[in-house]
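Enquirer: What follows is a single structure, and I will ask about it in a moment.
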Amino acid sequence: MSKTNQDRKLKHLFDGGDWNVYQPDILNLGVGAPGTDLLSSNCDNFRKATDHCLEREKRENQSLIFQYGPTSGTFEVRREIATYFTEMFESPMNCEDLMITTGATQGLHLLLSTMIDLQVSPTGGYFIWVRIPDCLDSREFLKYCLEHQKIYFIAGPRFSVDGQSGKQFFRLSIAFYPKEKLVDGAKRLCEALRDYIATQKIPQSVS
C-alpha cells in the first residue's frame, strides 16, 4: 500500500467511478443530484447574477457579498425561492420557513444538532421509497431491471446497518432527470415489476 495519497483530479462527484450516472443507455433512478437539463444553463445564469451583485457592491462600496452570510441563508434568496414554489404549487410558502444549506451533510448536521418537533412529518422530497412483497428481494429485482429495462435504483439493504435488512424496499430519486424521462421510467419500472413478479413463485395470499 502506498504511503502517499495520489490526487485523482476528479471534476465532479461521479467522475472516475463505477457509478456513471451519465451512461446514456441506463436510466439511473438512484442518484440524488441535479441532471444536465438543470446544469446546462447555470454558466449563463451565474454569470448574470455575479455581474449584478458585483456591480451593486462596487456602487455601494460595502463588499458585504464576501462576508459570512446568515445561518438560514440570505433573505433575498429565500424570498425568491418562496415566491417560486408558491406559484409552482399554488400554495403559500413563507421565506422564514426556509433554510439554505450547502448540501446533504450540512442539512443532516442541522437536523441532528437541533431539537425538532417530532409531531411534524415531512411532506415532500426528491426520494421515493417503494415496498414490494416481503417475499421478494429488491437486490434481485434490481438485477432484473438492469437486464430488461436498463433502470437502476438503490436497494434497501444498502441503507441498513447489517447490509441485509430492508430487502423488500428500494429507493428512487426524481432529482436527476426531466419530467418526460421520469414518466417513461415509472411506466417501465412498473412493467418490470409486473413481469418480475410473474417469474416468481409467490403464494396467492401475498399481494
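Enquirer: Would you check which residues across region 147-180 are at negative phi, surrounded by 15 or more Cβ atoms within 10 Å (Cβ to Cβ), within 21 Å of the chain's Cα centre (by Cα) and touching a residue at least 60 places away in the same chain (Cβ under 8 Å) and list them?
Expert: ILE151, TYR152, PHE153, ILE154, ARG171, LEU172, SER173, ILE174, ALA175, PHE176, TYR177
Enquirer: Also, I was wondering about something else. Mind checking which residues of region 46-75 are within 24 Å of CYS95 (Cα to Cα), in a loop (DSSP other than H, G, I, E, B) and not small (Gly, Ala, Ser)?
Expert: GLN67, TYR68, PRO70, THR71, THR74, listed by residue number.
Enquirer: Checking CYS43 against (1) surrounded by fewer than 10 Cβ atoms within 10 Å (Cβ to Cβ); (2) not in a helix (DSSP H, G or I), which single condition isn't satisfied?
Expert: Of everything listed in (1) surrounded by fewer than 10 Cβ atoms within 10 Å (Cβ to Cβ); (2) not in a helix (DSSP H, G or I), CYS43 misses just condition (2).
Enquirer: Residue under question is PHE85, and the condition is that it be loosely packed, with under 12 Cβ neighbours inside 10 Å, free of Cβ contacts under 8 Å to residues at least 24 places away in the same chain and either closer than 23 Å to ILE174 by Cα or under 25 Å from the mean Cα position of the chain (by Cα) (or both); does it hold?
Expert: No; evaluated as a whole, the condition is false for this residue.
Enquirer: Right, something else. Looking for whichever is surrounded by fewer than 10 Cβ atoms within 10 Å (Cβ to Cβ) and either closer than 30 Å to TRP129 by Cα or modelled with pLDDT under 80 (or both) here; the options are ASN94, ASN5. Which one fits?
Expert: Being surrounded by fewer than 10 Cβ atoms within 10 Å (Cβ to Cβ) and either closer than 30 Å to TRP129 by Cα or modelled with pLDDT under 80 (or both) holds for just one of ASN94, ASN5, which is ASN5.
The values are calculated or read from the model by the stated rules, or taken from the named source; none is laboratory data. The structure presented is a predicted model; accordingly, all values stated were derived computationally and were not measured. Cβ: placed from backbone, ideal geometry, glycine included. Neighbour counts: every protein chain shown.
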